[in-house]
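The values are calculated or read from the model by the stated rules, or taken from the named source; none is laboratory data. As the structure is a prediction and not an experimental result, all values here were calculated from the model. Ideal geometry is used to build each Cβ from the backbone, glycine not excepted, and the neighbour counts take in all protein chains shown.
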Amino acid sequence: MGNAAAVAVPIVVAVVLIYVVMTRSVKIVKEKETMVIERLGRVHMVLSPGFHLILPFIDRPRTHDQKYIVEVSGRLTLVDKEGYETISTQNEVLDFAKQPVITRDNAAIFLDAVLQYSITSPRTYIYTVKNLPHLLSVLLQAQIRNVAGSLDVDQIIEDTAQMDRVSSLMDAAAVQYGVKISMVKIQRVDAGRLSQEIFIQAKALKQTTVINAEGNRDRMIKEAEGEAQQTLSRARGEAQAIVNAANAEARSIKEISKVVTRNGEDPLRYLLALKYIEVMRQILSLKHTEVQLMPFETTFLQTIKGFGLNTVAPSHT
């Protein structure tokens, strides 16, 4: 009996030791999961899905915790998950409690938001975040309040798509933690009685503003159309007057040409003479203008004088 016990004890110890070694050295990672392995306290490698062997007591998985509050059937519930070895890389959804915000027109409302995220860099995530859901909750509160504060209550209530830019802001803030924000959606907007009154007033003011703007636009369009019609009519009248004057002048020139031709004169010279007289009349009407009329025979001498050639050369003896 004593010999049997003496043999059994080492066997049991060996079995326990083998079990401990196997559990510490064999790691199986499921699909859409990863595991960060530390060796002697320093990051060593990131395990992909599949079967892996690590050194027992030297290598160990880096664990992480998750604590957050969710709303279930109108009640707030604390979710506490500790000692997780694997890191999920698939899309996760967090449905947070209602977020109180103040809009641009000082209306207090509550926004029920849902967030979808995934971990894209397990190594960055495991060494920068202690409690990811809590971190995302704080970031979401800040970004929702920031965006809602730039909008009126009627914009948020009537079109929750106005809050879609929260997703891009959250993604830019979460990338430093190795996290990708895929979506932030406002599921419900809860406004109190006072906020509803503000919403009704804002909507009525908006409708009044739109009606006034449309009335001013129609008035300005009609005024512009009237001015354009007047300008067009005036331009047509002036153009017709120019055409009539040109036609009258053409008829006058034609009649003058007939008369001058019957008298044996050149009509072209006659018309040029008329133009010459008209031009001279315009020149004489100008101020500070001196006109000297000379006989035709002295025209050549006046031209020489204009060139400074009127000096008589001394005679040679």
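Out of LYS67, LYS98, I need the residue that is closer than 23 Å to TYR127 by Cβ and in contact (Cβ under 8 Å) with a residue 40 or more places away in the chain. Which one? Steps first, please.
On the way: LYS98 fails: closer than 23 Å to TYR127 by Cβ.
Every option except LYS67 fails the conditions.
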- [ ] Within segment 82-118, count every residue that is modelled with pLDDT under 85, more than 24 Å from ALA173 (Cα to Cα) and not hydrophobic (A, V, I, L, M, F, W, C).
- [x] 5
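Which residue out of ALA148, ALA161, ALA172 is more than 30 Å from THR63 (Cα to Cα) and exposed (fewer than 14 other Cβ atoms within 10 Å of the Cβ)? Reasoning before the result, please.
Numbers: ALA148 fails: exposed (fewer than 14 other Cβ atoms within 10 Å of the Cβ); ALA172 fails: more than 30 Å from THR63 (Cα to Cα).
Matching residue, one of ALA148, ALA161, ALA172: ALA161.
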Open item on the list: Please determine whether any residue of segment 44-60 is touching a residue at least 40 places away in the same chain (Cβ under 8 Å) and either of a type in the set (D, E, K, R) or assigned to a helix (DSSP H, G or I) (or both).
Closed with: no
Task: Neighbours by Cβ (under 7 Å, 6+ apart or cross-chain): first from segment 271-288, assigned by TED's automatic domain parsing to the domain that holds ILE256 and surrounded by 10 or more Cβ atoms within 10 Å (Cβ to Cβ); second assigned to a helix (DSSP H, G or I) and at pLDDT below 75 - done: LEU271/ILE253
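Quick one: which of THR34, THR89, THR77 is assigned by TED's automatic domain parsing to the domain that holds ASP154 and surrounded by 13 or more Cβ atoms within 10 Å (Cβ to Cβ)?
Result: THR89 is the single residue among THR34, THR89, THR77 that is assigned by TED's automatic domain parsing to the domain that holds ASP154 and surrounded by 13 or more Cβ atoms within 10 Å (Cβ to Cβ).
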Open item on the list: Looking only at residues that are surrounded by fewer than 17 Cβ atoms within 10 Å (Cβ to Cβ) and part of a strand (DSSP E or B) in segment 93-102, which one is nearest to the chain's Cα centre (by Cα)?
Closed with: ILE102
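Does segment 10-27 hold any residues that are part of a helix (DSSP H, G or I) and in contact (Cβ under 8 Å) with a residue 12 or more places away in the chain, and which are they? Break it down into steps so the answer makes sense when it comes.
At the first step, the residues of segment 10-27 found to be part of a helix (DSSP H, G or I) are 10-25.
Within segment 10-27, VAL20, VAL21, ARG24, SER25 meet the criteria.
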